[in-house]
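Here's the structure we're looking at; comments come further down.
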Amino acid sequence: MTLATPPDARQPAPTTEAAIRTRHSMRAFLPTPVPRATLEAVLELAAWAPSGTNTQPWKVHVLQGQARQQLVDKVCAAHDALRADPSLAQTYRDELGYYPTEWISPYIDRRRENGWTLYAALGIGKGEKDKMHQQHQRNYRFFDAPVGLMFTIDRVLGRGSILDYGMFLQNLMLAARAHGLHTCPQAAWNQFASIILPHIGAEANDMLVCGMALGYADPQQPVNDYRTVRESPAAFTRWMD
Ligand SMILES: Cc1cc2nc3c(=O)[nH]c(=O)nc-3n(C[C@H](O)[C@H](O)[C@H](O)COP(=O)(O)O)c2cc1C
């Protein structure tokens, strides 16, 4: 007996399982615009995420056209300036604290494997710092996706709301698959929140959660063939009777 062919990652995913299995972080997008009605349908579906006491902590900023390009220009310039003068790092910080300040195994091992495998897929070797900088900067171009999303949350909310937010983001990424779209969630933007928050007109008490690239993945770009691996449930599950 042969197994069914895996679903084509470029096609819309009509079932939940196909949506989950074909969601990958894509890092090269076509310039094809995404219809407004499609974006609205994706956001409407995402909004059905659960949240503690139905607080619905998500606030979404959709950047297209000039609003997107002007943010790209500002943050790319800041990213270049930071490379030229690393002391500027004090100016730029991720308020959410998405990543730990101290890494331990096995997380650091997975992180390293992820980074080096991605760079290898792009033909970037260790020590090729210019190429690494350029590749990292593709984050700040939304990997050429025509739609850039910024997600903010009111600082008054607790840590649980970040959990709710994750469910909303996953809903959004799966809903995108149902429309033939792909995504890349992006914490890379967080460092530049002091540029992003005023640009998107965020409310005074809002914090940046992350950004996201959204659009139609470019099937010609090898970077989009990069696939990550997962531990099996046996490795992270303890059964108790
Ligand atoms: C909240 C969040 C932030 C992320 N930030 C970035 C990012 O800034 N740049 C990037 O290329 N990938 C980013 N990723 C993608 C992860 O590297 C990716 O999800 C992980 O390696 C698993 O691969 P997959 O998404 O293809 O399954 C982020 C993922 C999440 C969930």
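The values are calculated or read from the model by the stated rules, or taken from the named source; none is laboratory data. Just so we're clear, the structure is a prediction, and the values are computed from it rather than from any experiment. Don't worry about glycine lacking a Cβ; one is built from the backbone with ideal geometry, like all the others, and counts go over all protein chains shown. All accessible areas refer to the heavy atoms of the entire protein, side chains included, with ligands and DNA or RNA removed. Shrake-Rupley method; radii C 1.70, N 1.55, O 1.52, S 1.80 Å.
Identify, please: which residue in the stretch 78-90 is open to solvent by 60 Å² or more (accessible area, probe 1.4 Å) and touching a helix residue (DSSP H, G or I) at 6+ places or on another chain (Cβ under 9 Å) and is, among those, farthest from ALA202 (Cα to Cα)?
Checked the stretch 78-90; the qualifying residue farthest from ALA202 (Cα to Cα) is ARG83.
List pairs: first in the stretch 71-92 and assigned to a helix (DSSP H, G or I), second of a type in the set (S, T, N, Q), Cβ under 7 Å, 6+ apart or cross-chain?
Correct list of pairs: CYS76/GLN137; HIS79/GLN137.
List pairs: first in the stretch 202-213 and in a strand (DSSP E or B), second more than 16 Å from the ligand (Cβ to nearest atom) and open to solvent by less than 10 Å² (accessible area, probe 1.4 Å), Cβ under 6 Å, 6+ apart or cross-chain?
none
Being within 22 Å of GLY158 (Cα to Cα) and at pLDDT below 95 is the filter here; which residues of the stretch 209-235 pass it?
Within the stretch 209-235, none qualify.
So ASP206 clears everything in (1) more than 13 Å from the chain's Cα centre (by Cα); (2) open to solvent by 40 Å² or more (accessible area, probe 1.4 Å); (3) at pLDDT 95 or above except one condition, right? Which one?
For ASP206, the failing item is (2).
Look at GLY215 and say whether it is in contact with a helix residue (DSSP H, G or I) (Cβ under 9 Å, 6 or more places away or on another chain), surrounded by fewer than 22 Cβ atoms within 10 Å (Cβ to Cβ) and either aromatic (Phe, Trp, Tyr) or farther than 18 Å from TYR92 by Cα (or both).
The answer is no for GLY215.
Please tell me if ILE162 is farther than 19 Å from ARG36 by Cα, touching a helix residue (DSSP H, G or I) at 6+ places or on another chain (Cβ under 8 Å) and at pLDDT 95 or above.
Criteria not met by ILE162.
On the basis of being of a type outside the set (Asp, Glu), under 19 Å from the mean Cα position of the chain (by Cα) and part of a loop (DSSP other than H, G, I, E, B), does ARG177 make the cut?
No; evaluated as a whole, the condition is false for this residue.
Every residue, every condition in (1) among the hydrophobic types (A, V, I, L, M, F, W, C); (2) part of a loop (DSSP other than H, G, I, E, B); (3) open to solvent by 70 Å² or more (accessible area, probe 1.4 Å); (4) away from the ligand (no atom under 16 Å from the Cβ), yes or no:
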{"site": "TRP189", "(1), (2), (3), (4)": "yes, no, no, no"}
{"site": "ILE195", "(1), (2), (3), (4)": "yes, no, no, no"}
{"site": "PRO198", "(1), (2), (3), (4)": "no, no, yes, yes"}
{"site": "GLU231", "(1), (2), (3), (4)": "no, yes, yes, no"}
{"site": "ALA234", "(1), (2), (3), (4)": "yes, no, yes, yes"}
{"site": "TRP239", "(1), (2), (3), (4)": "yes, yes, yes, yes"}
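In this structure, is TRP48 in contact (Cβ under 8 Å) with a residue 12 or more places away in the chain, over 19 Å from HIS133 (Cβ atoms) and in contact with a strand residue (DSSP E or B) (Cβ under 8 Å, 6 or more places away or on another chain)?
no
Please pick out the residue among GLY115, GLY148, GLY166 that is small (Gly, Ala, Ser), open to solvent by less than 20 Å² (accessible area, probe 1.4 Å) and within 13 Å of the ligand (Cβ to nearest atom).
Every option except GLY148 fails the conditions.
Is there a residue being touching a Pro at 6+ places or on another chain (Cβ under 6 Å) and assigned to a loop (DSSP other than H, G, I, E, B) anywhere in the stretch 154-168?
yes
Might you check whether a residue that is in a strand (DSSP E or B), away from the ligand (no atom under 15 Å from the Cβ), closer than 26 Å to ILE195 by Cβ and touching a Leu at 6+ places or on another chain (Cβ under 8 Å) occurs anywhere in the stretch 17-35?
no
Given the condition touching a residue at least 24 places away in the same chain (Cβ under 8 Å), out of contact with any Lys or Arg (no Cβ under 7 Å at 6 or more places or on another chain) and hydrophobic (A, V, I, L, M, F, W, C), answer yes or no: does some residue in the stretch 125-138 qualify?
Checked against the condition, which is being touching a residue at least 24 places away in the same chain (Cβ under 8 Å), out of contact with any Lys or Arg (no Cβ under 7 Å at 6 or more places or on another chain) and hydrophobic (A, V, I, L, M, F, W, C), the stretch 125-138 yields no hits at all.
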